[in-house]
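A.B. asks: Below you'll find the structure I mean.
The values are calculated or read from the model by the stated rules, or taken from the named source; none is laboratory data. No experiment lies behind these values; they were computed from the predicted model shown. So basically every Cβ, Gly included, is an ideal-geometry build from the backbone, and we count neighbours across all protein chains shown. Surface accessibility is based on the protein's heavy atoms, side chains included, excluding ligands, DNA and RNA. Shrake-Rupley method; radii C 1.70, N 1.55, O 1.52, S 1.80 Å.
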Amino acid sequence: MSTAPTWRAVAARAASLLLRYPDDTVMDALPLIDVALLEMPPEVADPLRMVVGHRAATDPGQLRADYVELFDFRRRSCLHLTYYTCGDTRKRGEALADFAATYKHAGLELVDGELPDYLPAVLDLAAVDDAGWGLLRDNRIGLDLLTESLGKDGSVYRHAAEAVRRMLPAAQPADLAAVARLARTGPPVEQVGLEPFGLADVTGGRR
């Protein structure tokens with residue numbers, strides 16, 4: 001289980017909620033998230049607070065439409081971390097199996113049909129077990145590419161992704177080179193079926 005500082009576990013849970021589809025349950029949690037941010041370092045709390053403020057000030061119907069447009073219809077803003085490095089290839093199937101095994105080893109049962117590399121689910125795992133932070137570190141390239149894409153789109157959600165990055169070790173030169181290369185070429189494109197890996201997330205994520 002997690003040995004990370006308590007504030008970091010809470011920050012992971014907050015980031016998970018702020019990157020999920022803004023249904024009623026997620027929206028009802030905004031006041032609690034706002035209070036929790038007071039206990040976090042400003043370099044993490046401030047970007048998360050930007051997302052809280054945006055969600056609190058925006059019509060829920062508009063929030064949901066914008067979320068679907070951004071995350072469901074733009075592959076470059078995919079919330080599934082292994083997509084960036086594996087694309088729709090057999091290699092991704094292997095990566096998803098490794099993710100699923102990590103949840104199982106942590107004693108967590110996945111629910112609701114999400115793939116196990118879904119960023120909010122990985123953040124929920126990080127909130128309770130250090131294995132989640134390991135997955136985030138190992139898949140830093142996907143997180144970096146997601147943050148870069150959200151920044152290019154001018155999306156407020158880039159702040160939530162950036163807050164997660166600030167809780168991880170600095171990117172290594174090899175990671176930066178890989179990000180630059182994949183930003184130019186995009187993910188691999190071998191098309192295969194991924195149905196056997198239609199595992200669910202721990203967050204109650206939407207499908």
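A.B. asks: Full extension from Lys152 to Ala65: what is 0.36 nm times the residue separation minus their Cα-Cα distance, to one decimal in nm?
C.D. replies: Values: separation 87, 0.36 × 87 = 31.32 nm, distance 1.92 nm.
The Lys152-Ala65 span can extend by a further 29.4 nm.
A.B. asks: Ignoring ligands, DNA and RNA, please state the percent of accessible area on the range 51-110 from carbon and sulfur, probe 1.4 Å.
C.D. replies: 51
A.B. asks: Applying the Karplus parametrisation 6.51 cos²θ - 1.76 cosθ + 1.60 with θ = phi - 60° to the phi angles of the range 67-75, what ³J(HN,Hα) value in whole Hz is obtained for each residue in order, glycine and proline being reported as x?
C.D. replies: 5, 4, 4, 6, 9, 8, 10, 10, 5
A.B. asks: Using 0.36 nm times the number of residues separating Lys91 and Arg74, minus their current alpha carbon distance, what extension gain do you get?
C.D. replies: Additional length available on full extension: 3.9 nm.
A.B. asks: Figure the gain on full extension for Met27 and Ala56 (residue separation times 0.36 nm, minus the Cα-Cα span) and round it to one decimal in nm.
C.D. replies: Numbers: separation 29, 0.36 × 29 = 10.44 nm, distance 0.79 nm.
Computed gain between Met27 and Ala56 is 9.6 nm.
A.B. asks: Based on Cβ point charges of +1 for Lys and Arg and -1 for Asp and Glu, what charge dipole magnitude is obtained for the range 21-77 about its Cα centre, in debye rounded to the nearest 20?
C.D. replies: Roughly 300 debye for the range 21-77.
A.B. asks: Tell me which trypsin sites (Lys or Arg not before Pro) from the range 1-87 have a DSSP coil assignment and no more than 14 other beta carbons within 10 Å of their own. Please list the in-between numbers first.
C.D. replies: Working: sites: Arg8, Arg13, Arg20, Arg49, Arg55, Arg64, Arg74, Arg75, Arg76; in loops: Arg20, Arg74.
Filter output for the range 1-87: Arg74.
A.B. asks: Normalised radius of gyration for the range 28-146, please: alpha carbon Rg relative to 2.2 N^0.38 Å, two decimal places.
C.D. replies: 1.16
A.B. asks: Based on the alpha-carbon gyration tensor of the range 111-156 and its eigenvalue square roots a ≥ b ≥ c, which shape applies: rounded if a/c is under 1.5, prolate if not and a/b is larger than b/c, or oblate?
C.D. replies: Here the range 111-156 falls in the prolate category.
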